[in-house]
Every structure is written in C-alpha cells, then in structure tokens.
Amino acid sequence: MLLSSGSLVTETLGFDGGRRVSAYVPASAPAAVVYAADGQLTAPWGRLLETGNLPPVLVIGTHRVDDEVRRIQEYVAGTSNAEFSFDPKLFAAHESFFVDEVQAWVRKRFDVSFPRRRTAVYGASAGGELALAMGIRHPEIYGTVLCASPGGGYRPSSTLLPPLPNTYFVFGRDEPFFRENALRWAEARRSAGADVVSRQRVGAHGDPFWREEFREMVAWAFAPRPAGEGASAHER
C-alpha cells in the first residue's frame with residue numbers, strides 16, 4: 001500500500017554496502033514513474049508535479065556518492081583516455097542497481113508497476129549521460145529519456161538502432177560544452193527516427209536551472225502521442 005499522500009520516503013538498499021533511495025509519493029495514486037539520478041536533489045522535485053493537469057507521478061531518485069570521480073564512473077559508459085579513466089565494472093554494477101534492484105524495491109514497497117510508456121528516466125550533467133545510457137540499453141523499460149545538460153564522456157555511436165525512447169533535451173545558452181553534447185545526441189537520435197525535443201534556455205549549469213524545466217519535461221514525457229508521430233524540436 002502507498003504511504004500518506006505527498007510524502008518523501010527515503011530508505012537504504014543493499015548496493016555498495018548501503019545506498020539511499022528517495023521516493024516522492026504523489027497526493028493521488030501514481031499513474032506514471034520517473035527514475036532519476038542524484039536523488040537527494042531530484043526526488044523532492046516531485047512536489048513541482050502536484051499542480052496543473054499532470055497525472056500523479058512517482059519520482060524515484062537514487063542518491064549519488066560524494067566522490068565526484070566515482071559518481072562519473074558509476075554514471076557514464078565512457079571510454080578511458082589520457083584525461084579520465086572510466087570503470088566498466090563499476091558502471092555495470094551501478095546499472096544493475098539502478099535498473100533491477102531499485103525497480104524491485106519500487107514494486108514491493110509501493111505495490112506499483114508501470115508499462116514503458118509510463119516510465120521515464122531523468123538525469124542532469126553526468127546524470128544525463130546515465131539517463132541516455134539507460135534509455136539505449138533498456139528501451140523495453142524506459143519509454144522516455146529526460147536529459148539536462150549532458151556531459152561529454154558518453155557519446156552516440158555511429159549507428160543508433162531502434163527502438164529508441166522519446167527524448168527531451170534541455171541546455172543553457174551559457175554552458176557551451178554541455179550545449180554541444182546535447183545537440184550531438186539530439187541530432188543522432190533524431191536521425192535514428194526518435195521523437196526528440198531540444199530546448200535551449202537562458203541559464204547556466206546547475207540545479208536551479210534544471211529544476212525550472214523539470215515539470216515541463218515530465219509533462220512532455222507523459223503527453224499522449226499519436227502512433228508514428230515524427231521527431232520535433234524547439235528552442236526558446
């Protein structure tokens with residue numbers, strides 16, 4: 001059974017000797033779910049979804065580690081170079097946690113399960129790279145990727161094969177490195193036939209900027225789409 005409405009629930013799961021996960025439980029029985037990186041920051045944003053005509057959305061946020069190097073190694077399926085050493089084993093272990101252990105916890109803890117069209121994955125910066133990787137590697141689970149200002153360690157392959165999740169990118173005018181990465185991914189996914197939004201806003205890299213777009217991203221994720229709808233893009 002669900003806990004009391006509009007509550008923030010945090011528990012510790014077994015990964016890595018104990019990793020915290022926070023869930024924002026909406027005021028009504030949830031109709032959709034967003035799985036998010038950096039959960040100590042993003043899960044409370046579920047309160048932003050309680051207004052307007054959005055369906056009730058459960059927001060599940062896995063907490064990040066304090067060590068930024070390890071965070072990147074857990075989040076990014078990158079190729080090591082002279083500047084940074086990625087860790088495929090650490091990435092794979094965290095992927096199993098994010099995809100399998102967390103979703104099993106959600107089913108057991110909240111007695112809910114959602115089809116892919118009602119399941120999104122969200123991340124910003126390195127978390128955006130995680131969201132992109134999860135969408136490509138698990139398209140049967142995540143119907144939508146919500147990606148804010150993705151880092152550059154994970155890049156699209158020369159060929160992206162369907163099925164690809166719908167994807168919403170947001171990036172700031174004042175963060176050219178991350179803007180370039182978002183546009184690279186948007187073009188690759190659009191060329192592969194995915195439904196894509198690419199939105200530029202006034203702003204720079206950071207949580208306040210991403211928080212402002214979160215509600216609109218989630219609204220787009222769960223908006224009805226006619227079958228065969230083509231790719232789209234817009235800026236402001």
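The values are calculated or read from the model by the stated rules, or taken from the named source; none is laboratory data. The structure presented is a predicted model; accordingly, all values stated were derived computationally and were not measured. A quick note on method: Cβ atoms are made from the backbone with ideal geometry, for glycine too, and the neighbour counts reach across all protein chains shown. Only protein heavy atoms, including side chains, enter the accessible area calculation; ligands, DNA and RNA are left aside. Shrake-Rupley method; radii C 1.70, N 1.55, O 1.52, S 1.80 Å.
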For region 160-174, how many residues are over 25 Å from Arg117 (Cβ atoms) and open to solvent by 30 Å² or more (accessible area, probe 1.4 Å)? 2
Within region 136-233, considering only strands (runs of 3 or more DSSP E) that don't extend past its boundaries, which have at least 1 residues that are touching a Lys or Arg at 6+ places or on another chain (Cβ under 7 Å)? 166-172, 196-201
Here is a list: Gly203, Gly152. Which entry is farther than 22 Å from Val34 by Cα and buried (at least 18 other Cβ atoms within 10 Å of the Cβ)? Gly203
Report the residue count in region 86-112 for those that are in a helix (DSSP H, G or I), over 15 Å from Glu129 (Cα atoms) and open to solvent by 60 Å² or more (accessible area, probe 1.4 Å). 6
Residue ID - modelled with the highest pLDDT, chosen from residues in region 20-73 that are acidic (Asp, Glu) and not in a loop (DSSP other than H, G, I, E, B): Glu68
Please state which one of Ala31, Ala23 is more than 19 Å from Gly128 (Cβ to Cβ), open to solvent by 10 Å² or more (accessible area, probe 1.4 Å), aliphatic (A, V, I, L, M) and touching a strand residue (DSSP E or B) at 6+ places or on another chain (Cβ under 9 Å). Ala31
